[in-house]
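A quick write-up on the structure given underneath.
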Amino acid sequence: GAGVSQSPSNKVTEKGKDVELRCDPISGHTALYWYRQSLGQGLEFLIYFQGNSAPDKSGLPSDRFSAERTGGSVSTLTIQRTQQEDSAVYLCASSWAFGQEETQYFGPGTRLLVL
Amino acid sequence: AQSVTQLGSHVSVSEGALVLLRCNYSSSVPPYLFWYVQYPNQGLQLLLKYTSAATLVKGINGFEAEFKKSETSFHLTKPSAHMSDAAEYFCAVNHSSNTGKLIFGQGTTLQVKP
């Protein structure tokens with residue numbers, strides 16, 4: 001079956017611009033996660049959604065970052081007024097359910113470069 | 001706070017040799033532990049996970065890992081390396097019983113020499 005898909009695969013933007021990154025989880029998965037992978041910080045959790053519960057935003061690095069999940073499926077991560085330090089690979093993952101033991105399935109990521 | 005430490009950012013082995021990638025965790029509660037592999041320009045793929053059912057966990061591609069509570073370790077091994085095993089490997093621990101978010105180690109790049 002189809003895995004997690006993300007778009008765009010690459011994004012180059014200028015400092016100060018807003019960007020939107022999209023994630024399509026595996027059909028039927030109720031939990032969705034965003035992570036960021038950068039050279040200096042490694043893999044960091046950003047935010048997750050579980051069903052209709054309020055999202056856990058504890059990993060978002062600043063108020064320039066926001067995310068939403070519409071209809072319990074597709075998610076969009078928005079970065080406003082991008083900075084050079086936002087350059088990273090943004091990974092999305094989904095899982096069947098919420099829980100410590102659940103396997104998270106990752107998408108290929110969106111490579112963001114802020115000039 | 002929970003954390004994960006991977007000893008050695010780069011490991012090089014010869015084809016056919018034993019692969020050993022080290023992971024130590026700190027956790028105040030019984031952890032759930034994962035090993036993921038990332039090939040160039042791809043997302044992460046689960047190799048195996050520990051969920052307390054058995055201390056020796058077998059995964060895909062011939063990898064296995066042993067959970068040792070006394071050593072707070074979850075090292076990844078493979079008896080015989082293949083060229084196709086060259087990739088970056090991440091150890092991760094679940095953050096808490098209330099969330100599914102993962103805390104990752106810094107990663108280990110495995111190089112396999114012919």
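Take every Cα pair under 8 Å in chain B that's 6+ residues apart, average their separations, divide by the length, and report that relative contact order as a whole percent. Walk me through the numbers before you get to the answer.
Working: 282 pairs, mean separation 41.7, N = 114.
After rounding, I find 37 percent.
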The stretch A:5-115 - percent relative contact order, Cα under 8 Å, separation 6 or more: 38 percent
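Over all pairs of distinct alpha carbons, what does the Kirkwood formula give as the hydrodynamic radius of chain B, in Å? Walk me through the numbers before you get to the answer.
On the way: mean 1/r = 0.0708 Å⁻¹.
Roughly 14.1 Å, rounded to one decimal.
When Cβ neighbours within 10 Å are restricted to other protein chains, what is their mean count per residue of peptide A:40-52?
What the average comes to for A:40-52 is 3.
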With x for Gly and Pro, the residue-by-residue ³J(HN,Hα) of the stretch B:67-79, computed from phi through the Karplus equation 6.51 cos²θ - 1.76 cosθ + 1.60 at θ = phi - 60° and given in whole Hz, is 7, 10, 5, 5, 9, 6, 10, 8, 6, 9, 9, 8, x
Can you give me the long-range amide H partners of B:ALA87? Hydrogens built in the peptide plane at 1.01 Å from N, cutoff under 5 Å, separation of 5 or more residues or another chain. B:LEU110
Roughly how many Å² of A:ASP18 are accessible to a 1.4 Å probe, to the nearest 10? 100 Å²
Which residue, A:THR78, A:THR103, A:THR70, has the most motion in a Gaussian network model of chain A that connects Cα atoms within less than 10 Å? A:THR70
If you find the alpha carbon centre of the stretch B:22-56 and of the stretch A:68-115, how far apart are they in angstrom? 20 Å
Charge sum, other residues only, whose C-beta stays under 9 Å from A:THR76's C-beta, Lys/Arg counted +1 and Asp/Glu -1: 0
Compute the distance in nm between two label points, each set 7 Å from the Cα along the Cα-to-Cβ direction, one at A:LEU39 and one at A:SER87. 0.8 nm
Accessible surface of chain A [probe 1.4 Å, protein heavy atoms]: carbon and sulfur percent: 46 percent
For A:ALA67, residues with placed amide H under 5 Å, excluding near neighbours: A:THR78
Cα Rg, Dmax (largest Cα-Cα span) when computed across the stretch B:37-82, Å: 11.8, 37
Using a 10 Å cut-off on Cβ to Cβ distances, tally the other chain neighbours for every residue of A:92-104 and report the average as a whole number. 5
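How about the stretch B:11-103: which GluC sites (Glu not before Pro) there lie in a loop by DSSP and see at most 15 other Cβ atoms within 10 Å? Working shown, then result.
Details: sites: B:GLU15, B:GLU64, B:GLU66, B:GLU71, B:GLU88; in loops: B:GLU15.
Sparse-neighbourhood loop GluC sites (Glu not before Pro): B:GLU15.
Where only protein heavy atoms count, and the probe is 1.4 Å, what is the accessible area per residue for the stretch A:38-112 in Å²?
Numbers: 3400 Å² over 75 residues.
Heavy-atom accessible area per residue stands at 45 Å².
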Would you mind checking the radius of gyration and Dmax of the protein assembly as shown based on alpha-carbon positions, in Å? 17.6, 51
Under the definition of partner shielding as Cβ atoms of other protein chains within 10 Å of a residue Cβ, what is the mean value for peptide B:38-50? 4
How big is the stretch A:4-77 along each principal axis, measuring the range of its Cα positions in Å and listing the largest first? 35, 24, 21
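The values are calculated or read from the model by the stated rules, or taken from the named source; none is laboratory data. Just so you know, these numbers come straight off a predicted model, no measurement behind them. When we count neighbours, we look across all protein chains shown, and the Cβ atoms used for this are built from the backbone with ideal geometry, even at glycine. Surface accessibility is based on the protein's heavy atoms, side chains included, excluding ligands, DNA and RNA. Shrake-Rupley method; radii C 1.70, N 1.55, O 1.52, S 1.80 Å.
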